[in-house]
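Step one of this worksheet: look at the structure below.
Here, each number is a calculation from the coordinates, and none is a lab measurement. In this text, all values refer to a predicted model and were calculated from it rather than measured experimentally. Cβ sites come from the backbone with ideal geometry, for glycine too, and all protein chains shown count toward neighbours.
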Amino acid sequence: MTRPSPAELARLLGDGWDPTPAAPSGGERASHRTPVAGEPATADAVWAALDGVPDPEVPAISVVELGIVRDVRVAEDGAVTVTITPTYSGCPAMREIERDVRAALVGRGWPDVRIETVYAPAWTTEWMTDVAREKLRAYGIAPPRAGGATLVTLRRAPRAGQAGTPSEASAAVPCPRCGSADTRLQSAFGSTACKAMHTCAACGEPFEEFKPI
Ligand SMILES: [Zn+2]
């Protein structure tokens, strides 16, 4: 396997990361530790690498955008510890995610990877980034609605500020394809337990919803 050059890496990362350590100015002591061949593991570099690991169930979004990577620590000796909180307990994708995270970091030249799984606080769809929500929609999956679980959206009356919204509309999941709120829940479970199936009366298409929890 050939590793990309530092310049190539910087281009791929596209985050302004400079592959060349800043030259110490004047007699100032460089803040960098002993220079090493290749890219040193830093928390920022690890986060960037993890942002390239797709969620196995929704490859359009990364595990970072999904919000399941809670913490990244890099020890003095370069050992990387990644803390992950599973989305849904027993989600079969978690084994796959752990394997992909490890493979991504080892592939970047950081062989000493530890993955810690933390269950509390429990993952919530609130941790999903706005970018991830947009990517889900573009992928044809209704993103989880902000504000918590599906059941609490079955309000009797519209909330203040939802002028002119019929009460049923607050429970309907907008169609990710045409945006219509004229949709119906078809099944509480879609291709995975994390998703529900809806149908859109406006465009006639079925679609999945990433269920809010
Ligand atoms: Zn539609």
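Taken as Cα centroids, the range 56-87 and the range 114-148 sit 13 Å apart, rounded to the nearest whole angstrom. Counting neighbouring Cβ atoms within 10 Å and putting the fewest first, the residues Ile61, Ile141 line up as Ile141, Ile61.
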